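Some notes on the structure that comes next.
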């Protein structure tokens with residue numbers, strides 16, 4: 001009887017657990033959908049306003065989709081020369097800065113991942129120490145200006161040449177590479193440079209792709225270093241241009257535009273701000289899908305070992 005009773009009650013327990021799992025899945029999906037809506041709506045609203053008629057925007061008629069579709073504000077903003085100068089600067093800082101970041105990250109991560117390196121423990125400690133304590137903004141500013149880098153493109157690239165967190169991810173990924181590969185290569189007479197470039201780097205490409213995205217996004221969005229070290233407008237990146245437009249209420253673009261276009265856009269300067277935001281975000285949205293597949297695998301690969 002006891003056995004039969006257990007056999008009878010086992011399906012009920014299974015059904016109860018199954019219903020509980022389904023209820024939990026439903027709750028999770030509701031939370032995920034809510035989070036997506038909360039995060040996606042602001043950007044969708046910005047895009048809708050940028051394509052809508054200025055009068056409808058000023059009357060608050062735009063909530064979700066564009067109303068009175070028009071590209072006049074886009075034409076006016078894109079005719080502004082300083083926008084493209086800032087775009088070119090940002091592309092240079094992003095490409096050159098990210099390349100330098102990745103080179104120095106690999107150069108720092110490889111020796112720290114080799115167990116036979118006699119300074120490995122001490123250097124790992126000093127590298128980790130910089131994550132919690134830094135020199136501060138004023139000493140860094142004094143060093144950069146003392147080196148004569150003020151109003152120089154190098155002032156945007158060199159102060160953030162290496163991210164300690166990203167370097168540790170790269171180091172952990174290199175540590176996960178089987179040591180037998182390095183030992184066999186060393187027996188064949190391979191140098192450390194050869195082992196890093198031909199063995200370590202090719203085997204951690206997913207992690208490097210993720211770190212490249214991290215560095216590129218940080219470089220693209222950086223405006224603080226440019227605000228500190230770049231006084232010349234022709235050297236400032238797109239984010240500085242965007243910041244100036246948002247603070248100055250778009251008057252800079254309105255003054256350079258034609259009378260008819262300026263009168264139309266002056267009804268709602270909010271459109272100019274949102275158009276600039278959309279144009280600034282386009283490159284990141286174009287690049288991210290190509291490296292998205294590496295995000296999870298690359299980050300988990302670098303997190304296998306601490």
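Where a number appears in this text, it was derived from the coordinates with a stated rule and is not lab data. These numbers were taken from a predicted model, which means no experiment stands behind them. When we count neighbours, we look across all protein chains shown, and the Cβ atoms used for this are built from the backbone with ideal geometry, even at glycine.
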Taking R0 as 30 Å, what FRET efficiency do you get between residue 36 and residue 132 from their Cβ-Cβ distance, rounded to the nearest 0.05?
0.30
Taking the highest mean first, how do the peptides 189-198, 212-221 order by number of other beta carbon atoms within 10 angstrom per residue?
212-221, 189-198
Once the Cα gyration tensor of the range 104-161 is diagonalised, semi-axes √(5λ) in Å
28, 14, 8
Ascending count of other beta-carbon atoms within 10 Å, so fewest first, for 241, 104, 126, 223:
126, 104, 223, 241
Can you divide the C-alpha Rg of the range 72-302 by 2.2 N^0.38 Å and report the result to two decimal places?
1.26
Using only alpha carbon pairs under 8 Å that are at least six residues apart, calculate the relative contact order of the range 72-302 and give it in whole percent.
35
Please list 179-186, 224-231, 42-49 highest first by mean number of surrounding beta-carbon atoms within 10 Å per residue.
224-231, 42-49, 179-186
